[in-house]
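The values are calculated or read from the model by the stated rules, or taken from the named source; none is laboratory data. Since this is a predicted model, take the numbers as computed values, not measurements. With ideal geometry, Cβ positions are generated from the backbone for all residues, glycine too; neighbour counts draw on all protein chains shown. Heavy atoms of the whole protein, side chains included, go into the accessibility calculation; ligands, DNA and RNA do not. Shrake-Rupley method; radii C 1.70, N 1.55, O 1.52, S 1.80 Å.
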Amino acid sequence: MKIVKIGRSSHNDVVINDDFVSSSHCQIIQDDRGNCTLIDTNSSNGTYVNGVRRQGEVHLSPSDMVRIGHTNLPWQNYFDSPVRNGMQRPQGGGQNYANKPDNFLAPAILCTIFLSLAFGIVSIVFASKVNKQWEAGDYDGAIESARKARTWFWVGLGVGLFRILVFLAMQ
């Protein structure tokens, strides 16, 4: 059994810096079979599961979205095992959800500075979405944003190199 305590106070396992989160807001318990239960510990502003305020104990399924204060909790990431409630993380489209995808932010920034402003900015926009989507549990969205960031980086790289070659050929 594993218990993850969540709140604003530093004594919690997960500390959320949000004024609408109580010092000891809630806890999530994972039993030996992987079943997860959320318990609101009499928080001031409540705990929301899939947009509905819940009190007491709530059994969680892998697709449930948990929000406390203004913060969406990536609660599935708090446990070592990818199995929850006897199920694996959603596997839509055959994607691998074990690891967060590379956001391609550093190459996007370098592309913007040195090769192609327009395509580099588009790449940065998509790269900046990856972490937020992943933490919110939108795994498919994070993977798609990472793919788009990588694609626009390569387009910018190609256009930038082409422009350099044309410039050198005209010398």
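Hey, could you check the range 103-120 for residues that are assigned to a loop (DSSP other than H, G, I, E, B) and under 22 Å from the mean Cα position of the chain (by Cα) and say which is nearest to Phe167 (Cα to Cα)? Checking each candidate, the answer is Phe104.
In the range 48-64, the residues that are free of Cβ contacts under 8 Å to residues at least 40 places away in the same chain form Cβ pairs under 7 Å with partners that are in a loop (DSSP other than H, G, I, E, B) and open to solvent by 80 Å² or more (accessible area, probe 1.4 Å), at six or more places apart or across chains, as follows: Asp64/Asn50. Ser63 passes every criterion in (1) under 19 Å from Asp138 (Cβ atoms); (2) open to solvent by less than 50 Å² (accessible area, probe 1.4 Å); (3) modelled with pLDDT of 80 or more apart from (2). Taking the listed residues Asp31, Asp18, the one that is open to solvent by 20 Å² or more (accessible area, probe 1.4 Å), modelled with pLDDT under 90 and of a type in the set (D, E, K, R) is Asp31, with no other qualifying. Residue count for the range 135-171 under the criterion of being of a type outside the set (A, V, I, L, M), closer than 30 Å to Phe79 by Cα and open to solvent by 30 Å² or more (accessible area, probe 1.4 Å): the result is 7. All told, Arg53 falls short of being open to solvent by 20 Å² or more (accessible area, probe 1.4 Å) and not in a strand (DSSP E or B). For the range 36-50, the set of residues classified as loosely packed, with under 15 Cβ neighbours inside 10 Å and out of contact with any strand residue (DSSP E or B) (no Cβ under 6 Å at 6 or more places or on another chain) consists of Asn42, Ser44, Asn50, listed by residue number. Summed over the range 66-86, the residues that are modelled with pLDDT under 80, in a strand (DSSP E or B) and within 22 Å of Val21 (Cα to Cα) give a count of 0. Looking at Ser128, Ser116, Ser123, just one residue is among the polar types (S, T, N, Q) and either open to solvent by 30 Å² or more (accessible area, probe 1.4 Å) or under 30 Å from Val66 (Cβ atoms) (or both), and that residue is Ser128.
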